[in-house]
Each structure stands twice: as C-alpha cells, then as structure tokens.
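All remarks here apply to the structure that follows.
The values are calculated or read from the model by the stated rules, or taken from the named source; none is laboratory data. Quick caveat: nothing in here was measured; it's all calculated off a predicted structure. No Cβ is skipped: glycine too gets one built from the backbone with ideal geometry, and neighbour counts run over all protein chains shown.
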Amino acid sequence: MVRSKRSRKRSSQSQEHQREDLVWRKVDLHLHTPASADYQQPEFDFLDILQRAEERELEVIAFTDHNSVAGYARMWRKIEDLELLEHLGRINEDEAAELAEYRRLLNKILVLPGFEFTATFGFHILGLFPPETSIRKLEHILLALNVPEDKLDIGSSEVGATTDVLRCYEVLSEAGALVIGAHVNSTHGIAMQGFPFGKQTKMDYTQDDNLHALEATDLENPGRRTTLRFFSGSKAEYPRRMHVIQGSDAHRLTKDPDRETNLGVGDRPTEMLLAEPSFDAIKELLQSKRFDHTRPARPATAGAEFIREARKLGNTANQAFHERLATRRTRSNAVLKDIAALANSEGGTLFIGLKADETADVSGVSKPENTLERLAEDVQSYISPELSISADSFDIDAKSVIVMSIPEGSEKPYTLGGAEIYVRRGEQTVTATREDIVDMVRSSLMDSDDSSSGSRTDDSKSRQPASSNGRKPEVPKDNVPRPRSGVEILDTEERDGETYYTVYDLRNDKVVPNVTRSSSSGLWKYAITQREEDTFDPEKVEWKGKYGVAGRRKQGNVYRYDLVYKDNGSSRIFYGVTKRGLSNAWKDAISNSSLGES
C-alpha cells in the first residue's frame, strides 16, 4: 500500500500562518447510527462511532438518521443513566470506564443532532442543529414535516407522503437548522441527475435561499462535469454559486470490504477552515462567499490513486502537470502562471513532480517540505489579491509528488507580479484578453454585491452585475410588491441585430444582463418568448385592485401564473410565478380569478 511520508496535516500553502485564528478542521456531517433501519452493523454502539471518529481525526460529526433523532436521543439517555448511577454511588468499574470514555470523546468531538429527511417524491435533505437543541424540539420539527408519529423512532427512509422540498427548506431554516441537500448528484438527490424532465424544479430545488449547501459524492472527480463545476454560479439559470461539501453517508462503522462505495465513519469527510469547531462557525461559513474555505479531506493513502486517475486525463482546463519546479524564483514561473490562471477560471489542480503522460516514469520532488514552503512564499509574494490554496505531498511509485488545489477565485482578476493576468483556455494557460478581464470584473462585482446585500423584501433592491456598457443594471427604486418567484424582464437592448434582455430572477434575487432568447432556457426562455411574441393583452387580465392574473400553465403538479401589477399607469409583468411565498394580496387575486386552482 502506498503511504504518504507525512500526516494529513496540511502545509502552510494554505497560508494559515497569515490567519492564525483559522484552522483546517475535518468534519463528517452525514453519519447514520444503529437507529436507522438500514444500518448494516447494529452490533456497534454510539461509543464505537465516537471512537472511530477520533481515529479518523474528525472534530465535528452529525448523527443524521432517517426521519428520526432516536439515535442521538439514545446516546444521551445512555450517558444520563451512567451519570445517575455515578451520582447514586452505584456505578461499577466497567460503567465508570464507559462514562469516562464518553466524556473524553465528547470533549474532543462535537456531535451535532440532525436527521436525513425524506421529502415528497423521495428527495433527501439533511437538517443539522446546534448541540443545545432539545430532543423534543427536533421531534416537533419532524412532526411539522409530516413524519408520522408512529414512525419517529423507526429510522426508515420510507415514511409516506411528507412535505415538499421547498416547504421543508423553509421549515428547517425557520427552526435555525443548517439545511443541506443530501448526495445531490446521486439517488434521491435534489439535483435530479438522470431525470429527463423537471429542469425548472431542479432550479427551484437547488437555488432556494433557505438551502445552505449541497452535499455531493464527486468532489474528487477531476473532470469538468461535476457537481461543483455545475453549481459554480457560471450558468445563467443557476446564478447562485453553491457551497458543495462531501459526507460519508455512513450506514456502518467501517468501509464494506466487498463494496468500496459503502463507506464507514470518516471515509469521505470535508475540511473546513474555521476559527473553532462549532455549529455557528460551520453555518456562518456555508452562508458566506468564502468558497475556498472548504475542500474534500483526502486520506493520505488515497493520494496515489487520485493522482493516477487524474494522470489518465492529462492536461485539461482544470488540471496541469509539471515535471519539476523551475529553479528561478520569478513571476514568470510556469507553476505560478497556472495557479493564477486556474484562480481566474474555474479552479483546478496542479501536480508537481510528474508528466501528464501516464506511461512516463515519475520524477518526484526531492524535498517536498521545502518545496511546499517555497510555493507558499511565492504565491504570497507574486499573486494578488491574496489567494488561499492548499497543497500536500503524496507518495507514488516511491517518489513524492505535490498536489495543489486551487479554488476558483472570489476576487478576480488575480494578477501575477501585479500586472500579468492569465486564464485557462483548454489545456493551456494564456494571457487574458480584454473580454476575459471584463467578464471577471463583472463576476466579482456581482459576488461583492451578493455578500453585502441584506435580506430580501417584497420590493427588493436587487444585487446587480455590470451591464454591457460597464454600468450596473438599474432596478427601479419603487415599492412594487414583487412575488418571490418567477421572472421579470426589466430592460431590452438592441445590439448588432440581436435583442438583449436584463432578466430579474425573483427566485434568487438576481438581475442578469445580456440574456438572449437563444442563450436562455427554462423560465427565462419562457419569459423572453412571451415578450417577443407580444402575448400580453391588458384587456384579458383579471384584476383585483392593482393585482392581476394574465395567464396560467401547469408544469408537472405545479401551477405557474403570469401576474401583473398596476404601477402608475404601467403594467409590471411577472412570468411563471408559483404560489410559494406569495403575499395575501397576490393569493387573493389568483383565488378570485377564473384561473385559480379548482
């Protein structure tokens, strides 16, 4: 078995020496216990799980049994029983040792209460709560989500008709939970991979404000078609960039020797850059724009396998290989160019010490610790603004190889030596064009506005990216009571025979300029098509005061309405609105129209 010479302690490449209050901490937020009906090793108990978590160097774990908190409750009942025996002076030697071990481990590892909820149509959602949350409150939340009372302690993923996904997000968020889509790229995942329908539903499920993060099983995949890439905020219809983490979804203590994907405790954890291992710190991070503060925690023994798989793909837009590090420490260093280019593009991985050709011998790095320190210093000296990356060394074929993980930067463009700007174009790093730089500035402006804006209100002042002429798209400063779903077209512009629209997506409070009919799809294309075909007829609107209903269509089991608001003599049209989150005035207008649901 190939082993790393070093422990899993990350190098100073992550620049922790500059941020001594932040530490990379390993967490596994998706663990089942014997309280789940499908747990595969019921002979083990909660103390075994905690001991295994310690072996895997986990600082935070979460018990997430299916539609139940019975496991978490049983662990604490066991501890309370032991403490009562201790208080009464009736505890024996074995019981005292067991209680001492619980205390030691719980002082070292934070255990969060939670559950894996099965929403309508079988979609799985993780709800995690602060450790002080009472069992009674957790069970009350499950009842509010329509889990039958007689199934609260069964731990089954099959609980009948419960609550739809969006309502679940809302209930959990209002209760103070951390809301995470479970294994979104797999079976029962809200990303609906493999579904030949439901694109609009997928957008709603994955972009909702009450959803804090996505859990995926493909974070280590080197290809472009991964969950992390898809939800990077670069797609017009998925403008909200999502934190994507991983969890073991362990239904057993240790990995199944006969099935590699059947994981145990800590087999697929995430590392988070946190000041402390607490619920509040984790939730604050996943609600922030600090996307470079999470990363997959890769076991040292998995490094060689990961490198070999990546090497099969060779140099791509998201990874590059360098047989050796240049001896001259200048800003023209090819490794530094690749780092800056990946940060300015979609992020990726650098491999130092071997060629991309999988048939070539591994050259290796002779002094990996020194090389890691040098890389940390060079990134700090030559790349600006500050970029947080991580690096480690792994052994492959008896040689040390450095693997660097570069996130997509949140403060583009990143310059090399204060002047040179690079991007990744295919498998090559090239000098950025003017158009590249303009796009990066627009992206950074949008992210900056997102992070500084307050919570949404009915007449939300939208957070805007730059428009084609460099100015931010203007949103009318009015008191129009916009719905919380649907699309409004704010502006049109003709350029070179093409019509460009400024689209206000009310589902995620985003205004996106330069959208065309051909470049859009889903609800955006529907709204633009309605505008271009001039389907709006004010004479056919059914009004109740200033609120009107212009049309209705059914998509799956959901009705979507084209709503209209009278605004000082003009009509504001909101296309494809659902009833979710509507004010009473809008609901009254729908129910009083002939288009109301029967």
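Below are the figures for this structure:
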quantity: Candidate set: the range 573-594, residues that are buried (at least 18 other Cβ atoms within 10 Å of the Cβ), more than 21 Å from Arg167 (Cβ to Cβ) and more than 33 Å from the chain's Cα centre (by Cα); chosen: the one modelled with the lowest pLDDT; calculated: Ser593
quantity: Qualifying residue in the range 522-539 (condition: in contact with a Lys or Arg (Cβ under 8 Å, 6 or more places away or on another chain) and polar (S, T, N, Q)); calculated: yes
quantity: The range 146-155, residues that are closer than 22 Å to Trp76 by Cβ and outside any helix (DSSP H, G or I); calculated: Val147, Leu152, Asp153, Ile154, Gly155
quantity: The range 92-116: number of residues that are in a helix (DSSP H, G or I) and in contact with a Pro (Cβ under 9 Å, 6 or more places away or on another chain); calculated: 0
quantity: Hey, Val265 modelled with pLDDT of 85 or more, among the β-branched types (Val, Ile, Thr), out of contact with any Phe, Trp or Tyr (no Cβ under 9 Å at 6 or more places or on another chain) and farther than 24 Å from Ile109 by Cβ or not; calculated: no
quantity: Any hit, the range 543-558, residues being at pLDDT below 80 and part of a loop (DSSP other than H, G, I, E, B); calculated: yes
quantity: Residues within the range 117-137 that are in contact (Cβ under 8 Å) with a residue 60 or more places away in the chain, more than 14 Å from Ile180 (Cβ to Cβ) and either part of a loop (DSSP other than H, G, I, E, B) or of a type in the set (S, T, N, Q) (or both), tallied; calculated: 3
quantity: Filter pass, Ala302 being modelled with pLDDT under 90, outside any loop (DSSP other than H, G, I, E, B), surrounded by fewer than 20 Cβ atoms within 10 Å (Cβ to Cβ) and aliphatic (A, V, I, L, M); calculated: yes
quantity: Close pairs from the range 142-161: first of a type in the set (Gly, Ala, Ser), partner assigned to a loop (DSSP other than H, G, I, E, B), Cβ under 6 Å, at least 6 apart; calculated: Gly155/Ala35; Gly155/Ser36; Gly155/Ala37; Gly155/Ser68; Ser156/Ala37
quantity: Among residues of the range 104-136, those that are touching a strand residue (DSSP E or B) at 6+ places or on another chain (Cβ under 7 Å), β-branched (Val, Ile, Thr) and surrounded by fewer than 22 Cβ atoms within 10 Å (Cβ to Cβ), counted; calculated: 3
quantity: Helices (runs of 4 or more DSSP H) completely within the range 162-269 that count 3 or more residues being aliphatic (A, V, I, L, M), in contact with a helix residue (DSSP H, G or I) (Cβ under 9 Å, 6 or more places away or on another chain) and in the same structural domain as Glu43 (by TED's automatic domain parsing); calculated: 165-174
quantity: Selection status of Glu93, charged (D, E, K, R), surrounded by fewer than 20 Cβ atoms within 10 Å (Cβ to Cβ) and over 16 Å from Met75 (Cβ atoms); calculated: yes
